[in-house]
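The values are calculated or read from the model by the stated rules, or taken from the named source; none is laboratory data. Note that the coordinates shown come from a computational prediction; the quantities given were computed from them, not determined experimentally. Here the Cβ positions follow ideal geometry from the backbone for every residue, glycine too, while neighbour counts run over all protein chains shown.
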Amino acid sequence: MDAKQAIKLGIDMAQMVCDSYVADLSDDDLMKRPHAGCNHVKWQLGHLISSEHSMMAGLYDAMPALPDGFADRYTKDAATSDDAAAFDSKDDLMKVYKEQRAGTLAALDSCPADDLDKPGPEAMRDFAPTVGAVFAMQGSHWLMHAGQWVPIRREVGKDVVI
């Protein structure tokens, strides 16, 4: 297994976990917060999608465009809103997620292996010092948030999926 395959394995594993956790959650479930000081799942999904787009666009110009106003709906300031109408539906979020993920995987596939060791974009170097680290973040960032989704699943009576 080479570095690109290992990075893809990490991204794919994170996608399987995240998809499993949200598959049977409703739009109402996604508006729940795991704790008063935490962001609701719907905002987290939009944040993750926007972040993936931003990080990958910092490396490649070929990322699919986000829908108009998408990134603005998932800023830090927007995280405090409990108005479900201010956020995209689960179906729309998952559609945009799949589009962005396809762009990420296409970029990884086309990235020369030697480029993985090149410095990442300056703005990301404190958490992703190399191009390879930027790609790897696309799995780990999602998993960091997914840990907050399990208490929501328990609260709404969903089965253990993993």
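Does ASP82 satisfy the condition of being surrounded by fewer than 13 Cβ atoms within 10 Å (Cβ to Cβ), more than 19 Å from ASP29 (Cβ to Cβ) and of a type in the set (Asp, Glu)?
Here the answer is no, as ASP82 does not meet what is asked.
Which residue pairs have Cβ atoms under 7 Å apart, sit 6 or more places apart or on different chains, and have a first residue in segment 101-114 that is surrounded by 10 or more Cβ atoms within 10 Å (Cβ to Cβ) and a second that is in a loop (DSSP other than H, G, I, E, B) and of a type outside the set (A, V, I, L, M)?
These pairs meet every condition: GLY103/PRO64; ALA107/TYR60; ALA113/ASP2.
Between a residue in segment 65-94 that is assigned to a loop (DSSP other than H, G, I, E, B) and any residue that is among the aliphatic types (A, V, I, L, M) and at pLDDT below 95, which pairs come within a Cβ distance under 6 Å, given they are 6 or more apart or on different chains?
Every condition considered, no pair remains.
Scan LYS32, LYS4 and give me the residue that is outside any loop (DSSP other than H, G, I, E, B), at pLDDT 95 or above, out of contact with any Gly (no Cβ under 7 Å at 6 or more places or on another chain) and of a type in the set (Lys, Arg).
Just one listed residue meets the conditions, LYS4.
Return the residues of segment 116-142 that are in a helix (DSSP H, G or I) and more than 15 Å from ALA6 (Cβ to Cβ); say none if nothing qualifies.
GLU122, ALA123, MET124, HIS141, TRP142
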